[in-house]
Amino acid sequence: MAANGMVDGPESPLLEDTVAGAVDYRGLPAKRSTSGGWSSSYFIIGTEVAERSAYFGIEANLVNYFTGPLGQSTAMAAKNVNTWFGITTLLPLVGAFVADSYMGRYRTILIASLLYILGLGLLTMSAVLSSQNPSECQSTQKIMSCPPPQFQVILLFLSLYLVALAEGGHKPCTQAFGADQFDGRDSEERKAKSSYFNWLNFCAGISLSVSMLTLSYIQDQLNWVLGFGIPCILMVVALLLFLLGTNTYRYSVKREDKNQFVRISKVFVEAARNWKLNPSSEKANEEGAQGTLSHQCSPEFKFLNKALLETKFSAEDGKACSVNEVEEAKAVLRLFPIWSTCLIYAMVLAQSSTFFTEQGMTMDRSIGRKPSGITMLQRIGIGMFLSAISIAIAALVEMKRLKIAQEHGLVDMPNATVPMGVWWLVPQYVLFGLCNVFTTIGLQEFFYDQVPNELRSIGVSLYLSIIGVGSFLSSFLIYLIEKATGGDGQDGWFNDNLNKAHLDYFYWLLSGLNAVGLAMYMHFAKSYIYNRRGVP
């Protein structure tokens, strides 16, 4: 059975009804008519929907758990959430490496799901301990006066980082494994793969919105035990859905040559060794180097072409790098200008689960109150533009909220509800949703499509790492601003009393940074050359 997601051995001959480079769960050549396609992706979409509901049911309201039962300051809670979120979205680089190099995507998803359930179970246990604190601590307005037991805090962070570790294996592999069910060599299945990313994010977005609303309500109004227990149950459902599709999946065949990371790393090492070497040197192989350099290599990153030159070092290693290996390295390197210029967008995105939530907690939250015809890079650019608009609107709304708080004499009353409906936050959340529709889907498809075939999980993890690094940058920026504005008894931008804080200044700063990032992104995106050849 080949349910580990990779099968050692040479590829089977391409038959009329089989998919090249793929096998079924029995290890036989995968038949196009009975494996993969939409019939398989439905299980994976269902798995992703359940997992996203569980994850965002925790992440969306986590800042309130830190400021509530744990009694942390607003700035400290925001930094803790951003740090956890950043690590969560960087660990997919490790999970993707393990999946693509050793375990295969199927097996990695399976193990990650079990870790996920364990982490969420321990998180629920930490909430049980919180609910058992003495009643006099729960009745005080400032939880800070009754700090939680150290064991509860340790258990909480252990469970959260177990979830982060599980997410590192689950997230990149699930998305890539779903896309693997469509053969990029077939025109119809190639179109279906693009639709798969759209439907995946549409379904996940709907479930995300529902889970955030319902679970946040349960956590705030009922209790945290139930609010953390439901995501654990959702993750069990995700695992069951994934297992139900086992017999329908297509599994990638593992190549028997060098590990793809070794191949790509060797290109950079050989290019560095040959940095000063002239291609016409006696040490260079004239036919293998000069001819290849002039006819077969892409014109970008020409310095990597020197990895093709045969020297005494390459002779010791066995041989110089091949053209395909050099092109693999170029395909990966080509992604980094796009990756780096999307980081500011990720910094803006990080605010939706921290300060946006804190804003909403100060407002009146009663519901009944009355007062792809474009390219992937174009899609990403539109999303980045909308994120700049959304954070500017967030700044205007915060200015309005501070003005109302001042007019009603609520500046020194942090626990009082500002007479301003929470509906004022709807525009910025709607625009953030549109940002995700454009940018998230575009980044997923772009980083999956533009890497070598064997690095598809790594491609997805590169997209996720943008969000992770952006969260770390957001935490670092909060730290710098807190140091600069909160000293000597001053009311800093992130004062625990939001009526004395200046989140509007922070939002305007992010809006300006986003505009700079968008300009840089447009410069690199305009010159980017799509990889249409499908580097093997």
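Data for the structure
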{"read-out": "Residue list for region 331-372, filter: at pLDDT 75 or above, in contact with a Cys (Cβ under 8 Å, 6 or more places away or on another chain) and not aromatic (Phe, Trp, Tyr)", "value": "none"}
{"read-out": "Test for Glu445: is it in a helix (DSSP H, G or I), charged (D, E, K, R) and within 21 Å of Cys173 (Cβ to Cβ)", "value": "yes"}
{"read-out": "Residue list for region 394-417, restricted to those being β-branched (Val, Ile, Thr) and surrounded by 20 or more Cβ atoms within 10 Å (Cβ to Cβ)", "value": "Val397"}
{"read-out": "Region 416-428 residues that are under 22 Å from Met384 (Cα atoms), paired with ones that are among the hydroxyl-bearing types (Ser, Thr, Tyr) and open to solvent by less than 10 Å² (accessible area, probe 1.4 Å) (beta carbon under 9 Å, 6 or more apart)", "value": "Pro427/Ser390; Gln428/Ser390"}
{"read-out": "Number of the exception - Asn499 against (1) open to solvent by less than 50 Å² (accessible area, probe 1.4 Å); (2) touching a strand residue (DSSP E or B) at 6+ places or on another chain (Cβ under 8 Å); (3) within 30 Å of Leu200 (Cβ to Cβ)", "value": "(3)"}
{"read-out": "Scan of region 418-430 for residues that are open to solvent by 30 Å² or more (accessible area, probe 1.4 Å) and either among the aromatic types (Phe, Trp, Tyr) or part of a helix (DSSP H, G or I) (or both), ordered by number", "value": "Val422, Trp423, Trp424, Val426, Pro427, Tyr429, Val430"}
{"read-out": "Unique residue being in contact with an Asp or Glu (Cβ under 8 Å, 6 or more places away or on another chain) and buried (at least 17 other Cβ atoms within 10 Å of the Cβ) when the list is Ile478, Ile467, Ile458", "value": "Ile458"}
{"read-out": "Selection count, region 28-46, where residues are assigned to a loop (DSSP other than H, G, I, E, B), open to solvent by 10 Å² or more (accessible area, probe 1.4 Å) and either under 20 Å from Ile111 (Cα atoms) or at pLDDT below 85 (or both)", "value": "3"}
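The values are calculated or read from the model by the stated rules, or taken from the named source; none is laboratory data. The shown structure was predicted, so the numbers you read here are calculated from the model rather than taken from an experiment. For neighbour counting, all protein chains shown are included, and Cβ atoms are generated from backbone atoms with ideal geometry for every residue, glycine included. These accessible areas exclude ligands, DNA and RNA; they are computed on the full protein's heavy atoms, side chains included. Shrake-Rupley method; radii C 1.70, N 1.55, O 1.52, S 1.80 Å.
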